[in-house]
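Here is the structure we will look at.
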Amino acid sequence: MKIFRFIIPVMVIGICAWQGKRWLDTKPEARRFDVPPVTTFVDATAVSPMTYPVRIESQGTVSARTESTLIPQIAGIVVKISPNFRDGGFFEAGELLLQIDQSDYDTALTVAQAALTDASSNLEQEKALADQALADWKKLGGSGKASPLTLRKPQLARAEAAVASANARVKDAERNLRRTQITAPYAGRILTQRVDIGQYVTPGTVLANVYAVDYAEIRLPLSNKQLAYLEVPERYRGDAVGEQVEGPSVRLHTDVGGRRAEWDGKVVRAEGSVDISSRQQFVIAQVDNPYARRGEGRPPLKVGMYVEAEITGNLLKDVYVIPRSALRPNDEVLIVDDKNRLHRKRVEIDWRDEDNVVVSKGLATGTVLCLTSLPFAAENALVVPNIDGNGPRYMEGQKPERRGPPGGKKGKSGKGKGKSPDGQTAGSPAPTAKKKGVKKGAGKKGGS
């Protein structure tokens, strides 16, 4: 019994192994299909050298050339203001903006003029007395040099000083009288009006905040890389005063009321220091006559507006300009050789902006650049490029053959029939099956 316990499991395992091997040996052979080659179509372009003008982008806030605070130098009641002395009002240089009551200053001028007349009269009397004293000293037979006191020179000097003092008081009274009229120091605009008619003002009272409107300035920050492509007008010690170097042009734009507004200006100078927090250099752009009318619907360039700037930089010559989308990580691009195979190529970039990349080294005239984004592009991968929209460029053996539709129907060309998956021509009769031991005519006998 013990031996059967051992033999029976062995026999079962052996029979199972034999049957499994029999199944493996007699399994049908797997059908093989030819996998058609995968054709990757890409857009491409043939690059050529060109000249590219660099456009440097920055941004800033509009500020006035000069901002001032109008403050009176005398006290009095405001008796008159100009119609332009309102918030946002424009004025020209020398225009009367505000009038202070001048009656007290007219009186002070009259008193000062009277004092001057009295002092002048006393001076004339002292001159006459001095001449008389000199004549008397000579009649008395004075010899040598007469003393200053004998000739009344101290009295004459006191009279001359009194005249000078009175004359100064007249000039001061005339100046105070002129100061009752507050005039514009330059052509500008009222930012904030602080006083009105009937208000009493004293020296130090703020009358208004004004700013000049002959031109506006915008501080534009630039990085070191941007400065390398821009001719900044710098000033050096010893340059002629007032000498201004012509700087690059700049176009400012912003949205006003949902519409794009633009202004043209110039970069006129650079600031004298570098910002220690951002390590950027600020340049000053200037727009002349920012409040002039420039056509229908174009607003003025107001102080405080935030604008974006596009500065015209240097011209890059003999460079290759490619779309930014064609640039891959590590400054690589994909190029297509004469056999329609992809290759990675590292390039040297001079400049890049939002849309384009400027390449100085790594490309040559006629190089076919792949423009289609291929995240997993393999080296030497086969592609079909469409160069500059001229249609696909196929290599030998790459263009797929034209086949008819399935089911045996002829296509438009009228040639060829479709094939079934087993290789038979669609629509042809199936092969006749022959049975063993069955002779011709056996069907009649079976039916009788």
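The values are calculated or read from the model by the stated rules, or taken from the named source; none is laboratory data. Here the structure is a predicted model, which means the values were calculated and not measured. Backbone-built Cβ (ideal geometry, glycine too); neighbour counts: all protein chains shown. Please note that ligands, DNA and RNA were not included when accessible areas were found on the heavy atoms of the full protein model with its side chains. Shrake-Rupley method; radii C 1.70, N 1.55, O 1.52, S 1.80 Å.
For region 57-126, the Kirkwood radius over C-alpha pairs fed into Stokes-Einstein at 25 °C and 0.890 mPa s yields D = 146 µm² per second.
Show log10 I(q)/I(0) for region 222-285 at q = 0.18, 0.21, 0.22, 0.29 Å⁻¹, two decimals, from a solvent-free Debye sum over equal Cα scatterers. After summing over all Cα pairs, the log10 values are -0.79, -0.95, -0.99, -1.23. Close amide H pairs (under 5 Å, H built 1.01 Å from N) link residue 371 with 43, 44, 45, residues at least 5 positions away or on another chain.
Summary of the geometry: region 154-228 and region 92-128, compared by the centres of their Cα atoms, lie 21 Å apart.
On full extension of the chain, what length is gained from residue 279 through residue 186, given 0.36 nm per residue of separation minus the C-alpha to C-alpha distance?
Net length gain for the segment: 29.9 nm.
Only protein heavy atoms count here; under a 1.4 Å probe, residue 137 has an accessible surface of about 60 Å².
Each peptide in 192-200, 8-16 was scored by the mean count of other Cβ atoms within 10 Å over its residues; highest first, the order is 192-200, 8-16. The chymotrypsin sites (Phe, Trp or Tyr not before Pro) of region 268-371 include none that DSSP puts in a loop with a beta carbon having at most 11 other beta carbons within 10 Å. The mean accessible area for residues of region 168-283, using a 1.4 Å probe and ignoring ligands and nucleic acids, is 59 Å² per residue. For the pair residue 48 and residue 214, a Förster radius of 35 Å applied to the C-beta separation gives a FRET efficiency near 0.15, rounded to the nearest 0.05. Ranked from largest to smallest solvent-accessible area, with a 1.4 Å probe on the protein heavy atoms, 353, 104 come out as 104, 353. Across region 216-364, the volume of the C-alpha convex hull divided among the residues equals 191 Å³ per residue. Within the accessible area of region 1-158, the carbon and sulfur atoms contribute 60%, probe 1.4 Å, all protein chains present.
Applying both filters, DSSP loop and at most 10 other Cβ atoms within 10 Å, to the trypsin sites (Lys or Arg not before Pro) of region 250-303 gives 279, 293.
Around the amide H of residue 191, modelled in the peptide plane, lie the amide H atoms of 88, 209, 210, 211, all under 5 Å away and 5 or more residues distant in sequence or on another chain. If you take the Cα atoms of region 329-391, find Rg, then find the Kirkwood Rh from the mean of 1/r over all pairs, what is Rg/Rh? Value, to two decimals: 0.95. Calculated FRET efficiency, residue 23 to residue 354, Cβ-Cβ distance, R0 = 45 Å: about 0.10 to the nearest 0.05.
If R0 equals 41 Å, the separation of the Cβ atoms of residue 178 and residue 292 corresponds to a calculated FRET efficiency of about 0.80. Once backbone amide H atoms are built at 1.01 Å from N, residue 186 has 94 as its partners under 5 Å, excluding neighbours fewer than 5 places away on the same chain. Heavy-atom surface analysis with a 1.4 Å probe gives region 224-339 a carbon and sulfur content of 45 percent of its accessible area. Would you calculate the volume per residue, in Å³, of the smallest convex hull containing every Cα atom of region 1-133? For region 1-133, the hull spanned by Cα atoms encloses 775 Å³ per residue. Using a probe of 1.4 angstrom and keeping all protein chains present, the accessible surface of region 17-152 works out to 67 square angstrom per residue.
Each distinct pair of alpha carbons in region 115-200 adds a 1/r term; the inverse of their mean, the Kirkwood radius, is 17.2 Å.
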